[in-house]
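Asks: One structure, as structure tokens, below. Some questions next.
The values are calculated or read from the model by the stated rules, or taken from the named source; none is laboratory data. If you're wondering where the values come from, they're calculated on a predicted model, not measured in any experiment. Cβ placement follows ideal geometry from the backbone for every residue including glycine, while neighbour counts extend to all protein chains displayed.
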Amino acid sequence: MAERIANVSGQKVLLIDRRPHIGGNVYDYKDKNGITVQKYGIHAFHTDSKEIWDYLSLFTEWTDYHHQALAETSHGLVNFPVNLNTIDELFESDFAKDFSERLLNKFHEGGKISVADLQNDEDEVLRRGAEILYEELFKNYTMKQWGMSVDEVDPSVIARVPIYLNRQNRYFTDKYQGLPKEGYTAMLNKMLDNPLIEVRLNTDWNDIKDKVRYDKLFFTGSIDAFFNYKYGRLPYRSLRFDIQTLPQEHYQPMAQVNHPNHPTMTRSIEHKYLLDEKSRNTTVSFEYPEAFNGKNERYYPISQKENIDLYTQYLNEAKKYPNIWFFGRLGDYKYYNMDQAVGRALELYSEVFK
Ligand code: UDP
């Protein structure tokens, strides 16, 4: 939004961030081994939108990184999200063959299906296969990630990682995929490289709101904080990262390994794979979900009816202020992917500055 306002509308922007750096949760930095670390967990860019891809391409070149992941199971590391290769890796061969054939007979090759739908299928073999996939890969990961039973989690959340009826070991199927060649922070710095944009870090909106004058205010923090929690607090899930430098070239076979049945950890990320950086050492972040408690950061809105109702109350409050707009994962209280967050900003810009 700041980039469009300055570069296209030619207006002055004051960009503030509570944190000591720009970029929110996509912020990355080079550590002492020259490895680019994604401080707030893995962000692999993917989109089907040419418009969004072309827009960001104004500020960065891309690597051709296509995200892949493995998951640790009782049968060792398997491809994740589940595809026909995962089934071969996880089940003994007769069952794997039967399971895959039945899947391909029922659903079209190259398609996808959610584990929940498969668990309710009329075919007993499909149900049995789905149950093992659920136990090995989905159940405990989801309970840890969201801190609640799987039934309470919005089904669209788990459907983000469907079962693919193909043999491409790819996390995403989008047409455009990659990572900014010099990292996200470099891309964002380029977006902000305009004398019309002033960046002030370590600055909370509440601390300066009585001291600045503005025509328009765009707020990408949490909407409940903006209104001083007058209707109550919007819940979020948070994450804790244990970032370690290890004296070995590699720790794991690829950037992301999921640990569904580990008691507390969900993922380990080995950062050097992302931009294909070389070092005798390696940097790994171990990821532990936890509740947002006001001291850690907000990561995931929790899509449940009472939370959406609370958000809507704040949104109605916001309507009283015609020169203030809320957007982004926190401002909209939506589990956006990066491209959706960018798309939403571009749309809002066009709406407001038409
Ligand atoms: N999930 C799972 N097992 C996994 C990975 C994901 O059960 O190994 C479920 C879990 O409920 C998670 C959701 O799928 O919250 C979405 O996963 P995704 O990888 O898209 O999450 P993100 O990268 O946004 O944290």
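Asks: Residues that are out of contact with any Phe, Trp or Tyr (no Cβ under 8 Å at 6 or more places or on another chain) and either within 12 Å of the ligand (Cβ to nearest atom) or within 18 Å of LEU234 (Cα to Cα) (or both): list the helices (runs of 4 or more DSSP H) wholly contained in the stretch 248-354 that include at least 3 such residues.
Replies: Passing ranges, in order: 305-318.
Let's see how each residue does on (1) more than 22 Å from ILE223 (Cβ to Cβ); (2) surrounded by 17 or more Cβ atoms within 10 Å (Cβ to Cβ); (3) out of contact with any Gly (no Cβ under 9 Å at 6 or more places or on another chain):
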{"site": "ASN261", "(1), (2), (3)": "yes, no, yes"}
{"site": "THR264", "(1), (2), (3)": "yes, no, yes"}
{"site": "ILE269", "(1), (2), (3)": "yes, yes, no"}
{"site": "ALA291", "(1), (2), (3)": "no, no, no"}
{"site": "ASN296", "(1), (2), (3)": "no, no, yes"}
{"site": "ASP309", "(1), (2), (3)": "no, no, yes"}
{"site": "LYS319", "(1), (2), (3)": "no, no, yes"}
{"site": "LEU330", "(1), (2), (3)": "no, yes, no"}
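Asks: If you go through the stretch 117-128, how many residues are surrounded by 15 or more Cβ atoms within 10 Å (Cβ to Cβ) and among the hydrophobic types (A, V, I, L, M, F, W, C)?
Replies: 2
Okay, residues lined up against (1) within 11 Å of the ligand (Cβ to nearest atom); (2) of a type in the set (Lys, Arg); (3) modelled with pLDDT under 95; (4) surrounded by fewer than 14 Cβ atoms within 10 Å (Cβ to Cβ):
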residue	(1), (2), (3), (4)
ALA130	no, no, no, no
TYR134	yes, no, no, no
ALA159	yes, no, yes, no
ASP174	no, no, no, no
TYR184	no, no, no, no
LEU192	no, no, no, no
THR203	no, no, no, no
TYR214	no, no, no, yes
LYS230	no, yes, no, yes
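Asks: Ok, one more. Got a sec? Which of HIS108, HIS75 is surrounded by fewer than 18 Cβ atoms within 10 Å (Cβ to Cβ) and under 28 Å from ARG267 (Cα atoms)?
Replies: Unique residue meeting the criteria: HIS75.
Asks: Inside the stretch 136-157, can you point out the residues that are hydroxyl-bearing (Ser, Thr, Tyr) and near the ligand (Cβ under 9 Å from one of its atoms)?
Replies: TYR141, THR142
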